[in-house]
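**Q** One structure, pasted below without further comment.
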Amino acid sequence: MENTKTTIMIRCALFTALIAIGAFIQVPVPYLDYFTLQFLFVILSGMILGPKYGAISVVIYVLMGLMGIPIFAAGGGIQYIFRPSFGYLLGFIAAAFTVGIVAKNIKANKFQSI
């Protein structure tokens, strides 16, 4: 499958949706609030989409949540900036970009043919 603009947009939208779904899959951890599967999908977006489009899919997720769509683990809206967990969401952008670069550099990105 070739990487046309349409397939790139669909892949970015798919991973944005997976990250949003991962926010609601919560695993209870003793002495902590909860653990979500967002991080798994953020890492996969960097590996599969590459650094540029992996980071773009996470940026779209963060912007959708800040616009008021309740896709974050604890709601949504612009007031989410003041929550302590907002730093994790910003770190997700850097994580997707970094994982994409590492996967690209070590030639481990064999998922591209899926």
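The values are calculated or read from the model by the stated rules, or taken from the named source; none is laboratory data. Quick caveat: nothing in here was measured; it's all calculated off a predicted structure. Heads up, the Cβs are rebuilt from the backbone with ideal geometry, glycines too, and the neighbour counts pull from every protein chain shown.
**Q** Take the residues in region 67-85 that are without any contact (Cβ under 8 Å) to a residue 12 or more places away in the chain and aliphatic (A, V, I, L, M); name whichever of them is farthest from Y34 (Cα to Cα).
**A** Once the filter is applied, the top-ranked residue is M67.
**Q** Something else about it: Which residue pairs have Cβ atoms closer than 7 Å, lie 6 or more positions apart in sequence or on different chains, and pair a first residue in region 8-25 that is touching a residue at least 24 places away in the same chain (Cβ under 8 Å) with a second residue that is outside any helix (DSSP H, G or I)?
**A** A20/I71; A23/T36; A23/I71; A23/F72; A23/A73
**Q** Right, P70: in contact with a Lys or Arg (Cβ under 7 Å, 6 or more places away or on another chain) and not small (G, A, S) or not? Lay out the reasoning, then the answer.
**A** Details: in contact with a Lys or Arg (Cβ under 7 Å, 6 or more places away or on another chain): no; not small (G, A, S): yes.
It is false that P70 is in contact with a Lys or Arg (Cβ under 7 Å, 6 or more places away or on another chain) and not small (G, A, S).
**Q** Can I ask one more? Where in the chain are there helices (runs of 4 or more DSSP H), lying wholly inside it, with at least 1 residues that are basic (K, R) and modelled with pLDDT of 90 or more?
**A** Per the criteria, 5-24, 38-66.
**Q** Filtering region 26-47 down to residues that are in contact (Cβ under 8 Å) with a residue 40 or more places away in the chain and of a type in the set (S, T, N, Q), which residue is farthest from F92 (Cα to Cα)?
**A** Of everything passing the filter in region 26-47, Q26 is farthest from F92 (Cα to Cα).
**Q** Any residue at all in region 48-66 that is under 14 Å from R11 (Cβ atoms), touching a residue at least 60 places away in the same chain (Cβ under 8 Å) and within 12 Å of the chain's Cα centre (by Cα)?
**A** Yes, there is a match, as at least one residue in region 48-66 is under 14 Å from R11 (Cβ atoms), touching a residue at least 60 places away in the same chain (Cβ under 8 Å) and within 12 Å of the chain's Cα centre (by Cα).
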